[in-house]
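These notes are about the structure you will find just below.
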Amino acid sequence: MDPEDPARAASPAIRVASVPHRDPYVDAVLPAGVVRVGPGHGPSPWLDPAYLTAHAAEVDVVHVHSGYGHLPEDEVVCFTEAIRRTGVPLVVTVHQLRDPAQPLPARHAAHLRALLATAEVVFTLTPGAADEIVDTYGRTAIVVAHPTVAAPDPEVGGDRGLVGLPLRTNACIPDPQGVVRAALNGAVNGGGRLRLLVEPGYRLPDLGELADSESLEVAVLEPGRWAAQLQELHVAVLPESCGTHSLELEVCRDVGTRVVAPSCGWFADQWSDVVTYGNDEVHGFDPVSLNGAVAAALTRPAPRPADRVWREQQRTAVRDVHAQVYAQVVGDRVAG
C-alpha cells in the first residue's frame, strides 16, 4: 500500500507491550509509529495473567524478549493461557536458548516451550539459533540481524594491547579464577595487559600471585559508560560458558573492539569477525584455547568501527520487518 494512502494514514497506530518495556535491543527494533504501551517498571505486569486480562483492550500485540526468568514454570504457562483466552497476539524473540542468568537450564527450556507453543510469530538473531529452535521446539523463526545499539565516541581512543574481561555474578562463569589466569597469560603472550571490568559489589576470586602482576588492572564496570569502556579495549573477552547471543558483542562491533567469544551459543553466527575459544557446558572450559585466542586476537589490528550508514540501514530494515509482523498479526486477529 502506498504510504501516502489516506486509508493507511488514518489507520490507528499499533499498540505494542514489550517485555521488558525498555532495553537497548527493544528500543532499537521498535518501529516508528508504533505506540509503546506501559507501564514501564519491571518486572513487567503484562506477564501477570490478571493484569493482561484486565488490560487486553488496551494493547494490540505483546512482544516478549526477556524478563520472564524469575517466574516459576506454571506462571509462564498461566500467562500463555491468558494470551490464548484474551486473543492478544503474542510475538516472541528468542535471544537466549540457554540463558546465562538462569542457574537451572530446564526452567528456561520450559519457559521457551510454553512461549513458543503460543506465539504467533517467533524471531531470533542467527541462522544457527533458528535451526536449533526448529530442532528443539518445532517452530520456524524469522532471523533478523541484531541492530546497532551504540556508536563510537570520537573522544575515546582504543588502547593497543589492552584486553578487557567483564566479570559479573553469574552461574555461567564456573571458574572465574581460571578464566582470569588464562586471559592474563594470553594478554602477556600477545604483548598486552589485562583489565578486569567488575560490576559494583562483585567479589573477585582469590588471584594469588596474579594480583601482583604489572599486566593486570581492575576497573569498575560503569553501566552509563559501558560502550566507552569497551571502546577503550583492543580485545574484549566474553567469559560465559553458556548463552546464545550477546549484546556486548554488538557494542564491540559498533565501536571497533575485537571479540574473543566462547564456543557455546551462536556468537560466531552473530558476527563472523570473532576469535573463538573452548568454553561450553558440554566440554567445559579450555584455558589453553583462551590463552591462544587472546594472544592471536592481539596480533590482529583492532577492527574498524562498523560503518554507520550500513548499520543504520540494517536497523531500519529490522524495524520494517517488525512493523510488517505486527501489522500481520493484528490483521489476522481482526479477520478472525
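The values are calculated or read from the model by the stated rules, or taken from the named source; none is laboratory data. Note that this is a predicted model, so its numbers are computed, not measured. Reconstructed Cβ throughout: ideal geometry from the backbone, glycine too, with neighbour counts over all protein chains shown.
Quick one: would you say V88 is of a type in the set (A, V, I, L, M, F, W, C), in contact with a strand residue (DSSP E or B) (Cβ under 6 Å, 6 or more places away or on another chain) and over 25 Å from P262 (Cα atoms)? The answer is yes for V88.
Of all residues in the range 133-160, which are under 18 Å from the mean Cα position of the chain (by Cα) and touching a residue at least 60 places away in the same chain (Cβ under 8 Å)?
Filtering the range 133-160 for residues under 18 Å from the mean Cα position of the chain (by Cα) gives 133, 141-151.
Those that are under 18 Å from the mean Cα position of the chain (by Cα) and touching a residue at least 60 places away in the same chain (Cβ under 8 Å): I142, V144, A145, H146, P147, T148, V149, A150, A151.
Of the residues making up the range 140-151, those that are crowded, with 19+ Cβ neighbours inside 10 Å and of a type outside the set (S, T, N, Q) number 6. When every residue of the range 124-133 is checked against the conditions, none turns out to be surrounded by fewer than 22 Cβ atoms within 10 Å (Cβ to Cβ), of a type in the set (S, T, N, Q) and under 22 Å from H21 (Cβ atoms). If you check G284 against the conditions, is it touching a Pro at 6+ places or on another chain (Cβ under 6 Å) and at positive phi? Taking the combined requirement at face value, the residue does not satisfy it.
Being in the same structural domain as R253 (by TED's automatic domain parsing), on the phi > 0 side of the Ramachandran plot and either touching a Leu at 6+ places or on another chain (Cβ under 9 Å) or of a type outside the set (S, T, Y) (or both) is a description that applies to G191.
Can you tell me which residues in the range 264-286 are among the acidic types (D, E), within 23 Å of P305 (Cβ to Cβ) and free of Cβ contacts under 8 Å to residues at least 40 places away in the same chain?
D273 - this is the single residue of the range 264-286 that is among the acidic types (D, E), within 23 Å of P305 (Cβ to Cβ) and free of Cβ contacts under 8 Å to residues at least 40 places away in the same chain.
Would a scan of the range 217-235 turn up a residue that is of a type in the set (K, R) and in a loop (DSSP other than H, G, I, E, B)? Checked against the condition, which is being of a type in the set (K, R) and in a loop (DSSP other than H, G, I, E, B), the range 217-235 yields no hits at all. Against the test of being closer than 25 Å to A227 by Cβ and buried (at least 19 other Cβ atoms within 10 Å of the Cβ), the options A302, A295 yield a single qualifying residue, A302.
Scanning the range 244-278 for residues that are surrounded by fewer than 21 Cβ atoms within 10 Å (Cβ to Cβ), in a loop (DSSP other than H, G, I, E, B) and touching a Pro at 6+ places or on another chain (Cβ under 9 Å) returns G256, D273, G278. Residues that are within 30 Å of T299 (Cα to Cα), small (G, A, S), assigned to a loop (DSSP other than H, G, I, E, B) and touching a residue at least 40 places away in the same chain (Cβ under 8 Å) do occur in the range 170-190, at least one of them. Of the residues making up the range 298-329, just one is of a type in the set (A, V, I, L, M), in contact with a Gly (Cβ under 7 Å, 6 or more places away or on another chain) and at pLDDT 95 or above, namely L298.
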